[in-house]
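Any read-out appearing in this document is the output of simple, stated calculations on the displayed coordinates, not a laboratory observation. Note that the structure is predicted; figures quoted are calculated from it, not measured. Note that each Cβ is placed from the backbone with ideal geometry, even for glycine, and that neighbours are counted across all protein chains shown.
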Amino acid sequence: MRELARQRLIPFACATLPGYRPAPHLARLAEALEAVERGEIRRLMVWMPPRHGKSELASIRFPAWYLGRNPDRRVVLAAYGADLAQRFSRFVRATIEGPQFRCLFPGIRLAEDSRAVDAWDIAGRRGGLKAVGVGGPLTGHGANLLIIDDPVKNREEADS
């Protein structure tokens with residue numbers, strides 16, 4: 001089961017989030033995200049109604065799993081506001097610090113000197129995560145993986 005959770009996103013989500021029960025549409029999303037991790041898909045847009053599990057899988061479990069498999073890569077996680085991006089970052093960080101993650105990816109941990117909610121690194125590696133609001137400062141921060149979740153706050157803003 002551990003090896004399966006290292007290799008596949010849904011088993012990873014189940015291992016790191018007790019009680020996680022993926023619906024069939026999330027299994028399809030996980031397959032696409034796994035293809036992104038393998039480099040088979042370079043750009044992926046996901047359109048899903050609110051409260052259907054997209055953010056939990058794509059913006060929290062996926063970056064943690066991605067960094068477990070690729071600890072030398074950089075992730076940028078963006079949302080309409082820095083507070084939402086930082087909230088996702090907190091959840092990713094907590095997942096990586098959790099005992100289930102450490103069991104699956106031993107040796108991968110957060111750097112002690114880089115643990116801010118908006119930017120943190122993997123200890124002894126080149127990888128890490130930067131959380132930013134859309135339009136926020138990102139100069140000088142490259143990414144191997146860019147996730148943009150909820151780039152607009154509401155309908156009014158989207159129509160502007």
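On a C-alpha basis, how far is the centre of the range 67-82 from the centre of the range 111-160 in Å? Whole number, if you could?
6
In whole Hz, what ³J(HN,Hα) sequence does the range 54-67 give by Karplus (6.51, -1.76, 1.60; θ = phi - 60°), x for Gly and Pro?
Rounded to whole hertz, the list is 4, 5, 4, 7, 7, 10, 10, 5, 4, x, 5, 5, 4, 6.
Collect residues whose amide H, placed 1.01 Å from N in the peptide plane, falls under 5 Å from the amide H of Ile148; neighbours closer than 5 in sequence don't count.
Amide H neighbours of Ile148, under 5 Å, 5+ apart: Ala78.
Rounded to the nearest 0.05, what FRET efficiency is calculated for Gln7 and Arg125 with R0 set to 25 Å and r the Cβ-Cβ distance?
0.80
Among Phe12, Pro99, Gly128, which residue has its Cα positioned farthest towards the positive end of the charge dipole of the range 1-144, with +1 placed on the Cβ of Lys and Arg, -1 on the Cβ of Asp and Glu, and the dipole taken about the Cα centre?
Phe12
Taking the Cα centre of the range 42-133 as origin and charging only Cβ (+1 Lys, Arg; -1 Asp, Glu), how large is the dipole, in debye to the nearest 20?
Dipole about the Cα centre, nearest 20: 360 debye.
Could you go through the range 33-45 in sequence order and give the Karplus-derived ³J(HN,Hα) for each residue, using 6.51 cos²θ - 1.76 cosθ + 1.60 with θ = phi - 60°, rounded to whole Hz, and x for Gly and Pro?
3J(HN,Hα) across the range 33-45, in whole Hz: 5, 4, 5, 5, 4, 6, x, 7, 10, 9, 9, 9, 10.
Ordered by packing density, taken as the mean number of other Cβ atoms within 10 Å over each peptide's residues, highest first, how do 16-26, 120-130, 142-152, 76-86 rank?
Highest to lowest by the protection proxy: 76-86, 120-130, 142-152, 16-26.
Tell me which label goes with the value of mean projected area of the Cα convex hull in nm² computed from the coordinates here: [x] 10.5; [y] 9.5; [z] 16.4.
Of the listed options [x] 10.5; [y] 9.5; [z] 16.4, [y] comes from this structure.
³J(HN,Hα) across the range 76-83 via Karplus (A = 6.51, B = -1.76, C = 1.60, θ = phi - 60°), whole Hz, x for Gly/Pro?
Computed from phi, the couplings for the range 76-83 are 10, 10, 10, 8, 4, x, 4, 5 Hz.
Tell me which residues come under 5 Å, amide H to amide H, from Ala123 once H is placed; ignore anything under 5 positions away on its chain.
It is Arg109, Leu110, Ala111, by chain and number.
How many nm is it between the label spots at Met48 and Asn154, if each spot is 7 Å from the Cα in line with the beta carbon?
Distance between the two pseudo-spin positions: 2.5 nm.
What residues have an amide H closer than 5 Å to that of Ala131, excluding those fewer than 5 places away on the same chain, when H is modeled at 1.01 Å from N in the peptide plane?
For Ala131, whose amide H was placed from the backbone, the distant partners under 5 Å are Leu77, Ala119.
If you restrict to DSSP beta bridges whose two residues both lie in the chain, what percentage is antiparallel, to the nearest 5?
So the antiparallel bridges amount to about 35 percent of the total.
Under a Cβ-only charge scheme (Lys and Arg +1, Asp and Glu -1), can you give me the dipole magnitude of the chain about the Cα centre, in debye to the nearest 20?
440
Nearest 500 deg cm²/dmol is fine: what mean residue ellipticity at 222 nm does the chain get from its DSSP H runs of n ≥ 4 alone, each adding -39,500 (n - 2.57), divided by its residue count?
The helix-only estimate for the chain comes to -11500 deg cm²/dmol at 222 nm.
Just check the range 92-158 against the gyration tensor rule for me: Cα atoms, a ≥ b ≥ c as the square roots of the eigenvalues, rounded for a/c under 1.5, and otherwise prolate or oblate depending on whether a/b exceeds b/c.
Judged from the Cα gyration tensor, the range 92-158 comes out prolate (a/c at least 1.5, a/b above b/c).
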